[in-house]
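The values are calculated or read from the model by the stated rules, or taken from the named source; none is laboratory data. Nothing here was measured: the structure is a model prediction, and the numbers come from that model. Note that we place each Cβ from the backbone using ideal geometry, even for glycine, and neighbour counts take in every protein chain shown. Just the protein is used for accessible areas: all its heavy atoms, side chains included, with ligands, DNA and RNA removed. Shrake-Rupley method; radii C 1.70, N 1.55, O 1.52, S 1.80 Å.
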Amino acid sequence: MPEKSDDRGSVTQAQSRRVGIDLAIAAALTFGSFIACATTDAFETFQEVSRDYEYLELDEALIALLSLGLGAIFFALRRLQDQRREMVSRIDAEARSARLAMHDDLTGLPNRRLFRDRLRTAIERVSRYDEMIAVMVLDIDRFKPVNDLHGHGAGDRLLVTISERFTRVLRKHDTLARVGGDEFTICQVALGSRSDAVSVAERLVKALEGPIEIDGKSLIVGVSIGVCLGNAEIRDPNELIRRASVALRKAKKRSGSGYYFYDQQLDVSLALRATLERELRGAIEAAEIVPHYQPIIDLASGKIICFEALARWHSATRGFVSPEDFIAVAEDSNQIMELSELMLRQACRDAKSWPEDILLSINISPLQFRDNRLDEEILAILDSEGFPPERLEVEVTENALVEDPDLADRILMSLKARGVRTSLDDFGTGHSSLVRLRDLAFDKIKIDRSFVSDLTGNSQNAAIVEAVLAMGNSLGLPTAAEGIEDDTHLETLREKGCVLGQGYHFSRPVPAADVGRLITEIPEKLRKAARDKAAGDETGGTKAEQSPPGAKPDKPQAA
Ligand code: C2E
Ligand code: MG
Ligand code: MG
């Protein structure tokens, strides 16, 4: 908790007391020495001197001596006062630097060092009084965009407001510390039961609900919390913090604010993940991960306009590993750059043999947008593979645009300037404003397949798809629907004016060797389906059953 120190008051009192004592000693000394002078040999010597110099009157000499004594007292007083001032300011400075060493400058909260001290004390109490404590690690969601968009001043004021709100949730003996930019930790002591920690975690989440007004702007943030309960068994503060951090990672994976309690299973999954990370490293080095290709079709003509490269890993030990799983591991373990380079190089080599009017699209992870040389790196790979930038399309998700909007804009604009096309993937699942869509001038929007899968059964999905198509039309942006799985999807989307489509209905992603076959097969099948439909319509019969083209699936079909 932010603390107001009362050290200074007690220091000043102690000082005044000491000065009083010093003065009394000085006065007693002067008075004592005067008496002593008067009663000892010194006085007699003085009388003898006076006799020798009779022109000096004794009372004048005594007055001179007394003045000298008083002057000495005055001088002693001044010196004492100076010393007192100096000591007070030194104690103040020491208290200030001790406070700085233990507290966060911005919020006044304890820092990491003080937090560890308090946690150590709490752990001692736990074993002595058989109490329970909770360690919480908190991370503010969407804080970075606030800093980027509204400046560090607004970010600082937001952090102060957040720390005040958190402080209000806690009791006097709990400790709230700021341990990093937007990271806080809490040590909650003397817990009755787990539910005490649950209720505090819930109130902390609630404390940041709704917009927070800073400098006249409404800022929306949230908080993810990892919680670890401590009892007499765990005596190591670092272990408690580690466990709470592991739980935080889990909490952050869920969308929106929330909390997660540590359990042993999390460590088991961490160990499994570490093995997967190792195996993935080996697979990337051995180029075991290869691109498969899924076509994007012009719905009017049935022609393939593009193939999207999708990473496929058939592990010798694990079998088929879904990209959704290993891409996330590659992102967490900093292997995404190597994986992307492997994919792009191989895809360029494969795509060189396709007809020149068919584009190649590749997926770029939001994490790659942290690399401010991403554009140069992509262009260098194209150059070394001899692949024309005009035939490449990069697919980015809305999440890639929010973390560092300026950098993402610069990279996309730089790629566009060199002829690379850009496409907004999984549209509708993230946050992007119409202004940014317009300014970034994407060449394509891909409507996320979650809106397409239940197009006919869910009127809200249908409304969203219609709205995205209308928006694409008005911005002059071709819109592709992902996840077209059957004829009903296809017909409904065509009726709504969708011009491009992708999905299992046309083909699953296929190995490079099958691409040539799809290029001729798919338009033929779609033409045949259209003829059958027209014939069926003429004879008033039912819609022709349209079977997907015979592309070999790249992974086992779900039963
Ligand atoms: P995405 O880029 O949106 O790719 C489309 C995903 O939808 C692919 O899943 C594709 O197989 C699947 N899909 C296509 N049509 C249908 C359909 O009709 N029904 C259903 N249920 N699914 C369909 P996949 O290959 O598992 O990839 C998943 C995600 O992993 C991709 O989503 C992309 O975000 C990521 N990914 C795949 N390869 C790469 C890569 O090389 N680099 C990066 N950064 N991400 C990749
Ligand atoms: Mg994609
Ligand atoms: Mg997609």
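Amide H of G258 versus every other amide H placed in the peptide plane: which residues, excluding those fewer than 5 positions away on the same chain, fall under 5 Å?
Residues meeting the amide H criterion: V223, S224, I225.
For the range 217-248 and the range 81-104, what is the separation of their C-alpha centers, rounded to whole Å?
Each part reduced to its Cα centre gives a spacing of 34 Å.
Stick to the Cα atoms of the range 63-187, pair each with every other, and give me the Kirkwood hydrodynamic radius in Å at one decimal.
Across the range 63-187, the inverse of the average 1/r is 18.4 Å.
Suppose we keep just the DSSP beta bridges with both residues in the chain; what percent of those would be antiparallel, to 5?
Of the beta bridges lying entirely in the chain, close to 60 percent run antiparallel.
Per the Kirkwood treatment, what hydrodynamic radius in Å, one decimal, follows for the range 378-523 from the mean inverse distance over all distinct Cα pairs?
One decimal place: 16.6 Å for the Kirkwood radius.
Please compute the length gained on full extension between R171 and A463, using 0.36 nm multiplied by the number of residues separating them and subtracting their Cα-Cα distance.
Full-extension gain reported as 100.3 nm.
Over the residues of the chain, compute the C-alpha Rg and express it relative to 2.2 N^0.38 Å.
1.58
How far is the Cα center of the range 381-399 from the Cα center of the range 430-497, in Å?
23
How large are Rg and Dmax for the range 281-334 when calculated on the C-alpha trace, in angstrom?
Final numbers for Rg and Dmax: 14.6, 44 Å.
Distance cut-off 29 Å, Cα to Cα: go down the list K496/K533; K253/K352; K303/K446; K352/K525; K217/K250; K172/K217 and report the pairs above it.
Check vs 29 Å cut-off fails for K253/K352; K217/K250; K172/K217.
Cα-based Rg (one decimal) and Dmax (whole number) for the range 270-539, in Å?
Final numbers for Rg and Dmax: 18.9, 63 Å.
Order D383, D409 by their accessible area, 1.4 angstrom probe, all chains in place, largest first.
D383, D409
May I ask you to derive the FRET efficiency for T121 and R349 from their Cβ-Cβ distance with R0 = 56 Å, giving the value to the nearest 0.05?
Working from the Cβ atoms, E equals 0.35.
P(r) of the range 198-252 in 5 Å steps, Cα pairs, percent per bin?
4, 17, 18, 19, 15, 11, 8, 5, 2, 1
Taking the Cα centre of the chain as the origin, how large is its charge dipole in debye, to the nearest 20, when only Lys and Arg (+1) and Asp and Glu (-1) carry charge on their Cβ atoms?
1060
Would you kindly state how much longer the chain becomes between E94 and D532 on full extension, computed as 0.36 nm times their sequence separation minus their alpha carbon distance, in nm to one decimal?
Length gained between E94 and D532: 148.7 nm.
Which number comes out as Rg/Rh for the range 112-262 once both Rg and the Kirkwood Rh are worked out on C-alpha atoms?
Answer for the range 112-262: 0.98.
At 7 Å along the Cα-to-beta-carbon direction for both V198 and E390, put a label point, then send me their distance in nm to one decimal.
Each label point lies 7 Å from its Cα, and together they span 6.3 nm.
So for the chain, taking the charge dipole from beta-carbon charges (+1 Lys/Arg, -1 Asp/Glu), which of P237, S507, L392 sits furthest toward the positive end?
The listed residue farthest towards the positive side: S507.
Using Cα centres only, tell me the gap between the range 307-367 and the range 120-144 in whole Å.
For the range 307-367 versus the range 120-144, the Cα centre distance is 42 Å.
What spacing in nm lies between the two simple spin-label points modelled at E60 and D383, each 7 Å away from Cα in the Cβ direction?
10.3
Relative contact order for the range 270-539: what is it in percent, counting Cα pairs under 8 Å that are at least 6 residues apart?
19
Quick one: compute the contact order of the chain, relative version, from alpha carbon pairs under 8 angstrom and 6+ residues apart, as a percent.
Reported relative contact order: 9 percent.
Sorted by accessible area with a 1.4 angstrom probe, largest first, how do Y262, Y504, Y293, Y129 fall?
Y129, Y504, Y262, Y293
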